[in-house]
Amino acid sequence: MQPVSLVIFGASGDLTSRKLVPALYQLYQRGRLPEGTRVLGVARRGYTSETWRAELAASTAQYESRSFQTDLWQRFAECLHYQPGDIENPRDFQSIRELLDQIEQGRPATRLYYLSTLPRLYEQVTTQLGEAGLADESQGSRRIIVEKPFGSDLESARNLNHALHRVFSEKQVFRIDHYLGKETVQNLLVLRFANSIFEPIWNRNYIDHVQITVAEEVDVGSRGAYYDEAGVLRDMVQNHLLQLMMITAMEAPARYDADLVRDEKVKVLRSVRPLEGADFAQNTLRGQYEGYRQTDGVPANSQTATFVALKLNIDNWRWNGVPFYLRSGKAMSCRTSQIVIQFRTPPHMLFSEGPRKSMEANRLVIQVQPAEGIHMHFQSKVPDAGMRFNLSHLDFRFQPDRTQSMPDAYQRLLLDAMSGDASLFARSDEVELAWSIVDPILAAWKSPATPRLLSYPPADWGPAGAVDWIERDGRSWYDVCPVF
Ligand code: BG6
């Protein structure tokens, strides 16, 4: 691999200190960072390379307290450079270019531009990169990484795609959804497509429904102003939950190749039955946790949803008649992201002593985080009790040694972007299709009664109405916090 120069725009922000630099440091520590990697931070703040390094040393020591070693950090930090810059100023992009030429010492290098600024500046940075000749690939690959949010609706996402495509080809664009960098999400691809025992039953003949829950124990904290504009649909569903749904529902691609994988994911979104008319009131449910309106930056009469439950149908041969229930919320009982594949009950029950009516059918729980793993639920006989049976489970833990933590998603995503593998990044059509599913719901929710905003106490599983909502379909939520 060519040496890599990573330019971070918005380098003084939280993402850089909390996620990007700790991920780079971890990669360095594990010997995974490509030889000759350089990082150039750009922001308005007047740091020098030395003061930026000192700030990052403190934040990395805080976020990576278990692995932080001062001497190792010092060696790593030699690759960190800083250049004050104003996105509005074309001359600053010329200075970036000169500085890159200087630190690369005239040798060919792959350049990655990471957009971690305020999202409204993404288009401008892209245009300036183009005008400064920084997208030119004659001296090595040039790629642009775009942090979420990718637009705030279909129209703005399209505009951003157009702005990117005026300067970069689609192959050069890497749109981040950090859920795709999570080990368990990738493991779902392996579970489905590197085994032969799951795929034959992964369809409407055996599966009753699918539940995808991303519950967060935290509330919106200090992000009130951002969150009140975004709400749970933009913040979690348009990206993370739809990504989980695509990976659960997609067909097997011919090969593990960025475009083939994304072609299959896109087909899932194209098959989602559009909601219309009464569907918005019936198939969507929204809630807001008590106390949300007292958060800094949130208006006292805010109607923003912090909880959502959606029922989506995927109209294709595999999934016809199998609803996908998507649910996400802040201030919930616990932090858990899980995909529950709920199988059908056996077609005929021959044991008269079983729990019959209340018998739970097989279930495959893919625990995305925390306590990453897979649990298979099945009936087994109670010893010495006639033919009575009860629900048992087989558990697979991703990381049996609990002293080690799973690599953060950003490590994998940064490495993939460095090597040019876009399989775990969203393509332009994917983000636009995801918005075309979310936009009509956002529009319907403008009307206060479609559906009514329900309130819920913090540290619960969302509004009580969400229980009745799914029970109307004869189903129930799998409300279980992960066990470590
Ligand atoms: C982000 C959202 O994209 O994902 C946050 O903006 C949310 O609101 C976060 O808390 C959840 O990510 P994770 O990896 O902690 O599940």
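Since every read-out is calculated from the coordinates, none of them should be taken as a lab result. These numbers come from a predicted model, not from an experiment. FYI the Cβ positions are ideal-geometry reconstructions off the backbone, even for glycines, and counts take in every protein chain you see.
Below, the figures for the structure above:
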| quantity | calculated |
| --- | --- |
| Lone qualifier among 218, 232, 214 - being of a type in the set (Val, Ile, Thr), under 21 Å from residue 308 (Cα atoms), surrounded by fewer than 19 Cβ atoms within 10 Å (Cβ to Cβ) and within 11 Å of the ligand (Cβ to nearest atom) | 218 |
| Output for the range 262-301, where each listed residue is of a type outside the set (D, E, K, R), outside any strand (DSSP E or B) and touching a Gly at 6+ places or on another chain (Cβ under 9 Å) | 292, 295, 297, 298 |
| Residues (farther than 23 Å from residue 291 by Cβ and assigned to a loop (DSSP other than H, G, I, E, B)) located in the range 440-476 | 446, 447, 449, 450, 472, 473, 474, 475, 476 |
| Conditions (1) within 16 Å of the ligand (Cβ to nearest atom); (2) in a loop (DSSP other than H, G, I, E, B); (3) of a type in the set (Gly, Ala, Ser): number failed by residue 196 | (1) |
| Single match in 330, 265 (criterion: in contact with an Asp or Glu (Cβ under 7 Å, 6 or more places away or on another chain) and within 16 Å of the ligand (Cβ to nearest atom)) | 330 |
| Every pair of residues 6+ apart whose Cβ atoms lie under 6 Å, when the first sits in the range 264-278 and is in contact (Cβ under 8 Å) with a residue 60 or more places away in the chain while the second is of a type in the set (A, V, I, L, M) and part of a loop (DSSP other than H, G, I, E, B) | 265/250 |
| Scope the range 443-479; condition buried (at least 16 other Cβ atoms within 10 Å of the Cβ), among the aliphatic types (A, V, I, L, M) and out of contact with any helix residue (DSSP H, G or I) (no Cβ under 6 Å at 6 or more places or on another chain); matching residues | 453, 466, 470 |
| Residues within the range 333-373 that are more than 14 Å from the ligand (Cβ to nearest atom) and either assigned to a loop (DSSP other than H, G, I, E, B) or surrounded by 15 or more Cβ atoms within 10 Å (Cβ to Cβ) (or both), tallied | 26 |
| One residue from 258, 252 being under 21 Å from residue 178 (Cβ atoms), in contact (Cβ under 8 Å) with a residue 24 or more places away in the chain and more than 16 Å from the ligand (Cβ to nearest atom) | 258 |
